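Notes to accompany the following structure.
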């Protein structure tokens, strides 16, 4: 899957434990009704964001992740989703308008 848009927010890397770190960022889509999508990078992928800045137009390749957590106290299952990036490319074409050439040559 892919998310295309403009980087709105870039957060610092969070070290959760010795074995897990993550970095979150927000992409505003260029749809008719723009969406602000929170995406995360984990482990060795956190450095993928180092060459980007707020305002950059990007194509982000993502995986949707889902998991369940069982609340034993209330005997209820709770479900969580994560949007995880594995590749980010600059997209200079986003936001550009194409002009048609009316010349006969």
Pairs where the first residue, in the stretch 37-60, is at negative phi and the second is surrounded by fewer than 17 Cβ atoms within 10 Å (Cβ to Cβ) and in a loop (DSSP other than H, G, I, E, B), C-beta under 6 Å, 6+ apart: 46/13; 57/94
Count of the stretch 7-39 residues which are under 14 Å from the mean Cα position of the chain (by Cα) and over 20 Å from residue 55 (Cβ atoms): 1
Strands (runs of 3 or more DSSP E) lying entirely in the stretch 6-90 (those with 3 or more residues that are surrounded by 16 or more Cβ atoms within 10 Å (Cβ to Cβ)): 20-29, 36-42, 57-71, 76-90
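Where a number appears in this text, it was derived from the coordinates with a stated rule and is not lab data. Keep in mind the model is a prediction, meaning the values are calculated, not measured. So basically every Cβ, Gly included, is an ideal-geometry build from the backbone, and we count neighbours across all protein chains shown.
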